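Visitor: After the structure tokens below, expect a handful of questions from me.
Where a number appears in this text, it was derived from the coordinates with a stated rule and is not lab data. Note that this is a predicted model, so its numbers are computed, not measured. Neighbour counts run over all protein chains shown; Cβ positions are idealised from the backbone, glycine included.
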2 protein chains.
Amino acid sequence: MKQVSKIKELRSLIQDAKQDGKRIGFVPTMGYLHEGHLALVNEARKNTDVVVMSIFVNPLQFGEGEDFETYPRSEERDREMAEGKGVDILFLPDAEEMYPRPMRSAVNILQGTDVMCGASRPGHFNGVATVVLKLFNMVDPDAAFFGQKDAQQVAVIENMIKDFNMNIKIFPAPIVREKDGLAMSSRNINLSPAERKEAPEIYKILQQAAALIRNGKADTAMKEASEKLYALKAEVDYLELRTFPDLGKSDGTDVGKIILAAAVKYEKVRLIDNIIWEQ
Amino acid sequence: MKQVSKIKELRSLIQDAKQDGKRIGFVPTMGYLHEGHLALVNEARKNTDVVVMSIFVNPLQFGEGEDFETYPRSEERDREMAEGKGVDILFLPDAEEMYPRPMRSAVNILQGTDVMCGASRPGHFNGVATVVLKLFNMVDPDAAFFGQKDAQQVAVIENMIKDFNMNIKIFPAPIVREKDGLAMSSRNINLSPAERKEAPEIYKILQQAAALIRNGKADTAMKEASEKLYALKAEVDYLELRTFPDLGKSDGTDVGKIILAAAVKYEKVRLIDNIIWEQ
């Protein structure tokens, strides 16, 4: 595995690979890797020839009062995991390399950010889209790999790629879960023991509700799920049933993909989870 | 010259050229070509191997009440001129090909659009940057060629390329003028005979002012130039002295590049002109 921190070095490595006719697969991350990230690396290895992973905790996508400072970081551990999983090029830029001067241009997401995470994190998806566009332009990948836990992020990126005519195929990968059902997240480490014990309830609540919705009982499902979420120690951020990837309102009877998504806030950590199905 | 109207065909031609090791030069235009555009083609031929020209009157960069409908168009004439000048690939998409659905993402220019043309055309540069980003992603050029008449546009595009880490070199080309000094513009055809007769005054006024500014008399220069502009039949949009490409305020004593720029509105046509010099 080659490790680089400068864009110039990264471009040079990728140019060499492309000249050898290799297809580039890209896994952008914020580090503190877990099995969810590693599943993306597996997908990238299956579908492309050279796997590039970036690790960068992007300040642009954190709002005021959010957890940029406490977001878990562990470069050495990440490097070992990435190498062990077969990442070919690990890109570890610092903030100066990514944002050498104040930005004079940014991506503006015009639709689909007034709901779900977008509603509670204003500017978040503009920050995500901007850094992803920058990274795409550095890596110039044939395909990029994103986890479905960040379902709204996947929708935003897919829209951006279409809108801007980027020639990149997106592979969304299923959520990887702990044995007790909790969706894997770098942030889980910042849960207190009591919060960690309770957190798997979120997925159980979503599962029960999804089953009811599939049986035509969306109203009951949403009411019960909401009550159960509010009974948790966590503060409820949202519980929403929407079409996917359009994120339009759904009453559970839409034909096509549907997403049932929730976000809750524990003391130091905001958790999200979702179930997507086709009907 | 190959002419295509579909993105897919364009990509295929460019991919072939790249596989042959050719460097791609790109000249984006809104058509109704004149010597200014052809000078860009010359520059492109000098600096790259395959010259791609696009012709697309981009609705996204026209505001309400602006001249999108009356912007001059002449596909056949443009095709002949482009072919005569050695364009290799002419890309002529229609609006459906460029914007097949409402845009959900756009480029947002965060700085430098509250002055000059940006101040009088709100949203204009977001529309320019968005279509240029789309075209860049379709053409994937090594270099792109823009005229300095649209100086603020050049500044916006250069900033966007840096901000988004695009691997494209921009070549700005000097303004090409009619014999009487009027800056060439596709819009000149929409001037009335009396307006066309008066319009070269704009450049004369700028020239006289620039000479005074270089002699340390910026205040006098701006006052006199302003009076002369207001004496024209045209409505004065702005007369500004700024640093370039930062577009910060200038009192004429700055070291580095300076731009003296003006915009005026005739009945159907808004004209812009500028002089850029280094001191």
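Visitor: Run the dipole for the range A:186-273 about the Cα centre, Lys and Arg Cβ at +1, Asp and Glu Cβ at -1, nothing else charged, and hand back the magnitude in debye, nearest 20.
Guide: Roughly 240 debye for the range A:186-273.
Visitor: Please go through the range A:163-205 and write out the trypsin sites (Lys or Arg not before Pro) that DSSP classes as loop and that have at most 16 other C-beta atoms within 10 Å. Each step should come with its number before you reach the end.
Guide: Details: sites: A:169, A:177, A:179, A:187, A:196, A:197, A:204; in loops: A:179.
Here the sparse-neighbourhood loop sites are A:179.
Visitor: Residue by residue, what Karplus-based ³J(HN,Hα) values in Hz, rounded to whole numbers, does the range B:9-26 have, using 6.51, -1.76 and 1.60 with θ = phi - 60° and x for Gly and Pro?
Guide: Each residue's phi maps through the Karplus curve to give 5, 4, 4, 5, 4, 6, 4, 4, 4, 5, 5, 7, x, 7, 8, 9, x, 10 Hz.
Visitor: Follow-up question, since we're still on this one. Taking the label point 7 Å from Cα in the Cβ direction, how far apart in nm is residue A:217 from each other copy of itself, listed shortest first?
Guide: 8.9
Visitor: Would you mind working out the magnitude of the charge dipole of the range A:87-130 relative to its Cα centre, with +1 at each Lys and Arg C-beta and -1 at each Asp and Glu C-beta, to the nearest 20 Debye?
Guide: On the way: 3 positive and 5 negative charges, 52 e Å.
Taking the Cα centre of the range A:87-130 as origin, the dipole is about 240 debye.
Visitor: Let me ask something else. What is the helix-to-structure angle for B:124-139, meaning the angle in degrees between its Cα long axis and the longest Cα principal axis of chain B, kept from 0 to 90 and rounded to the nearest 10?
Guide: Tilt of helix B:124-139: around 30 degrees.
Visitor: Between the label point of residue B:267 and that of the same position in each other copy, find the distances and list them shortest first in nm, with every label point placed 7 Å from Cα along the Cα-to-C-beta direction.
Guide: With the label placed 7 Å along Cα→Cβ, residue B:267 yields 7.5 nm.
Visitor: What is the spin-label model distance, in nm, from residue A:75 to residue B:253 if the labels are put 7 Å beyond Cα along the C-beta direction?
Guide: Label-label distance for residue A:75 and residue B:253, simple model: 4.6 nm.
Visitor: Next question. Using unit Cβ charges (K, R positive; D, E negative) and no other charged atoms, how large, in debye to the nearest 20, is the dipole of chain B about its Cα centre?
Guide: The calculated dipole for chain B is roughly 320 debye.
Visitor: Note the angle between two axes, namely the Cα long axis of helix B:35-47 and the longest principal axis of the Cα atoms of chain B, as a number of degrees from 0 to 90, rounded to the nearest 10.
Guide: 60
Visitor: What residue of chain B sits with its beta carbon nearest the rotation axis taking B to A, and at what distance in whole Å?
Guide: Of all Cβ atoms in B, the one closest to the rotation axis yields B:108, 2.
Visitor: Within chain B, which is the longest segment that contains none of the GluC sites (Glu not before Pro) sitting in a DSSP loop with at most 15 other Cβ atoms within 10 Å? Please report the intermediate quantities before stating the final value.
Guide: Values: sites that count: B:64, B:66, B:69, B:267.
My reading of the result: B:70-266 is the longest stretch.
Visitor: Something else about it: Which residue, A:241, A:260, A:212, has the most motion in a Gaussian network model of chain A that connects Cα atoms within less than 10 Å?
Guide: A:212
Visitor: Whole-Hz ³J(HN,Hα) for each residue in the range A:169-184, computed from phi via Karplus 6.51 cos²θ - 1.76 cosθ + 1.60 with θ = phi - 60°, x for glycine and proline: what do you get?
Guide: 8, 9, 10, x, 10, x, 5, 9, 10, 5, 4, 7, x, 4, 4, 5
Visitor: Okay, next question. Evaluate the distance, in nm, between pseudo-label points positioned 7 Å from the Cα of residue B:162 and of residue B:120 along their respective Cα→Cβ axes.
Guide: 2.7
Visitor: Using only helices, what value at 222 nm comes out for chain B when you add -39,500 (n - 2.57) per DSSP H run of length 4 or more and divide by the total residues, to the nearest 500 deg cm²/dmol?
Guide: The per-residue figure over chain B is -12000 deg cm²/dmol.
Visitor: Could I ask something else about it? Quick one: which residues, 5+ away or cross-chain, put their amide H under 5 Å from the amide H of residue A:105? H built at 1.01 Å from N.
Guide: Residues meeting the criterion, in which the H sits 1.01 Å from N, are B:110.
Visitor: OK, next. If you average the alpha carbon positions of the range B:107-135 and of the range B:198-239, how far apart do those two centres end up, in angstrom?
Guide: 26
Visitor: Residues with beta-carbon under 15 Å from that of residue B:82, excluding residue B:82: net charge, scoring Lys, Arg +1 and Asp, Glu -1?
Guide: Around residue B:82, the surrounding residues sum to -2.
Visitor: Work out the FRET efficiency for residue A:20 and residue B:49 from their Cβ-Cβ distance, taking R0 = 25 Å, and round it to the nearest 0.05.
Guide: 0.65
Visitor: What is the distance, in nm, between label points placed 7 Å from the Cα along the Cα-to-Cβ direction at residue B:3 and at residue A:35?
Guide: 6.0
Visitor: Connecting C-alpha atoms closer than 10 Å in a GNM of chain A, tell me which of A:192, A:120, A:105 has the biggest fluctuation.
Guide: Checking each option, the largest mean-square fluctuation is seen for A:105.
Visitor: Can you find, among A:135, A:226, B:266, the residue sitting farthest towards the positive end of the charge dipole of the protein assembly as shown, where Lys and Arg contribute +1 and Asp and Glu -1 at Cβ?
Guide: The residue sitting farthest along the positive end of the dipole is A:135.
Visitor: Given a Förster distance of 60 angstrom, what is the FRET efficiency for residue A:265 paired with residue B:223, based on the Cβ-Cβ distance and rounded to 0.05?
Guide: Values: r = 60 Å, r/R0 = 0.99.
So, using R0 = 60 Å, E works out to roughly 0.50.
Visitor: Residue B:165 label points, 7 Å along Cα→Cβ, one per copy: pairwise distances from this copy to the rest in nm, shortest first?
Guide: In nanometres, ordered from closest: 2.3.
Visitor: Which three lengths, in whole Å and largest first, does chain B cover when its Cα atoms are put on their principal axes?
Guide: 57, 40, 38
Visitor: Can you compute 3J(HN,Hα) from phi for each residue in the range B:212-221, using the Karplus curve 6.51 cos²θ - 1.76 cosθ + 1.60 with θ = phi - 60°, rounded to whole Hz and x for Gly and Pro?
Guide: Rounded to whole hertz, the list is 5, 4, 4, 8, x, 10, 5, 4, 4, 4.
Visitor: Have a look at the DSSP beta bridges in chain A and tell me what percent are antiparallel, nearest 5.
Guide: If I count the DSSP bridges inside chain A, around 50 percent turn out antiparallel.
Visitor: For the pair residue B:238 and residue A:170, what calculated FRET efficiency results from E = 1/(1 + (r/R0)^6), where r is the Cβ-Cβ distance and R0 = 51 Å, to the nearest 0.05? List each step's numbers first, then the result.
Guide: Working: r = 43 Å, r/R0 = 0.85.
After rounding to 0.05, the efficiency reads 0.70.
Visitor: I'd like the orientation of helix B:151-163 relative to chain B: the angle between its Cα long axis and the longest Cα principal axis, in ° from 0 to 90, rounded to 10.
Guide: It works out to around 50 degrees.
Visitor: Out of all DSSP beta bridges in the protein assembly as shown, what portion is antiparallel? Express it as a percent rounded to 5.
Guide: Bridges in the protein assembly as shown are about 55 percent antiparallel.
Visitor: Find, among the trypsin sites (Lys or Arg not before Pro) in the range B:30-132, those assigned to loop by DSSP (not H, G, I, E, B) with at most 16 other beta-carbon atoms within 10 angstrom. Spell out each step's value before the answer.
Guide: On the way: sites: B:45, B:46, B:73, B:77, B:79, B:85, B:104; in loops: B:73, B:104.
Those satisfying the criteria are B:73.
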